[in-house]
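Working notes, beginning with the structure itself.
The values are calculated or read from the model by the stated rules, or taken from the named source; none is laboratory data. Everything numeric in this text was worked out from a predicted model, so none of it was measured. Glycine gets a Cβ as well: all are built from the backbone with ideal geometry, and neighbour counts include every protein chain shown. All accessible areas refer to the heavy atoms of the entire protein, side chains included, with ligands and DNA or RNA removed. Shrake-Rupley method; radii C 1.70, N 1.55, O 1.52, S 1.80 Å.
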Amino acid sequence: MENRLFSNKRLLKLIVPLVIEQGLTILVGMADGVMVSSVGEAAISGVSLVDMIAAVILVLFAALATGGAVITSQYLGARNMEKARRSAGQLILMAASLGVLIMIPCLIFSEQLLMLCFGAIEADVKAAGLTYMRITALSFPFLALYNAGAAIYRSVGNSKVSMQASMLMNIINVVGNALLIFGLCGFPALGLDGAAIATAIARTVECLFLVVIVYKKQLPGAATLRELFAFDRSFVKKYIKTAWPVLLNEILWSTGISLYSVAYGLLGTAALAAVQISNTAIQLSTVFTRGLSNACGIFIGRTVGAGDREKAIDYGYRFSLLLPT
């Protein structure tokens with residue numbers, strides 16, 4: 001076993017980009033909120049409602065990616081490259097399928113979904129939320145694929161590429177917002193529609209950037225098309241078994257935040273807009289812990305796959321307490 005792979009320097013090399021990536025992910029929502037605020041309270045409130053729903057959807061994508069990354073890491077730790085490649089290929093297939101399955105009802109039943117989650121809301125807020133949801137829902141398959149690609153990169157101990165993809169996404173989103181919300185450089189001023197389009201484009205480019213690199217670098221995800229579309233139930237069971245505790249924890253967290261926001265939303269559009277700002281601050285407080293938890297699964301998965309459970313427990317303590325060795 002290569003102990004140097006798990007040195008403190010190696011831990012920091014993986015953790016720091018993951019923490020930065022988590023912060024960049026939150027900045028996307030912050031940029032939309034700040035720049036959409038110029039359109040009006042109804043617009044930012046509509047974005048806030050959709051972001052609450054999107055947060056739960058993102059949990060599904062992230063949980064699936066976490067399960068796939070841990071399983072793939074275990075195969076890599078056991079030096080079983082064939083199964084690692086098949087595991088990563090199945091992760092890409094499942095992520096794409098899940099993204100499409102979630103996108104379709106969000107497009108068709110967007111109004112019913114808003115009413116189910118938030119009940120009676122003001123007409124202008126509802127209209128803004130529907131617009132934002134229907135446009136950004138088109139990017140859900142790409143968002144799911146991005147999470148899968150990032151998980152594959154984390155499984156081999158490289159989190160820098162997904163951080164770079166998040167940087168690219170933020171740049172495209174901010175520039176796109178400026179061009180399409182305010183109508184700069186000859187672009188039409190689309191207001192809220194422009195923010196939604198910019199976000200969808202940024203997510204799509206982020207996904208393509210990461211997935212293309214996965215295949216170009218011939219990482220474990222570089223399966224043939226035949227392997228990608230060959231559904232393997234055994235891998236699915238392993239993913240679900242690994243991912244469901246993460247999924248349950250995140251759903252409870254997201255639901256709590258959403259209920260808190262719904263309660264304040266009853267006070268009116270201005271109150272809901274204020275809650276959107278406070279929710280962003282809450283998310284920022286979790287940046288480090290989320291980055292740390294993503295790294296934890298990878299290193300422990302590698303040590304378990306290598307058959308060194310004692311070392312896996314040791315890394316569990318180190319990640320929990322941040323104690324040097």
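So the values come out like this:
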quantity	calculated
Residue under evaluation Asp51, criteria (1) under 22 Å from Ile201 (Cα atoms); (2) charged (D, E, K, R); (3) at pLDDT below 90; (4) more than 14 Å from the chain's Cα centre (by Cα), criterion not met	(4)
Single residue of the range 145-169 satisfying the filter (polar (S, T, N, Q) and crowded, with 20+ Cβ neighbours inside 10 Å) that is modelled with the highest pLDDT	Asn147
Any pair with Cβ under 9 angstrom, 6 or more apart, that starts in the range 172-193 at a residue that is without any contact (Cβ under 8 Å) to a residue 40 or more places away in the chain and ends at one that is surrounded by 22 or more Cβ atoms within 10 Å (Cβ to Cβ) and of a type in the set (S, T, N, Q)	Gly176/Thr199
Failed criterion for Val161 (all others in (1) assigned to a helix (DSSP H, G or I); (2) over 20 Å from Thr25 (Cα atoms); (3) of a type outside the set (D, E, K, R) hold)	(2)
Whichever residue in the range 10-27 is open to solvent by less than 30 Å² (accessible area, probe 1.4 Å) and out of contact with any Leu (no Cβ under 9 Å at 6 or more places or on another chain) and, among such residues, is farthest from Ser166 (Cα to Cα)	Leu11
Elements of type helices (runs of 4 or more DSSP H) in the range 28-137, at least 1 residues being in contact (Cβ under 8 Å) with a residue 60 or more places away in the chain and crowded, with 23+ Cβ neighbours inside 10 Å	41-77, 81-108, 123-136
Hey, Phe142 open to solvent by 10 Å² or more (accessible area, probe 1.4 Å), among the hydrophobic types (A, V, I, L, M, F, W, C) and at pLDDT 90 or above or not	yes
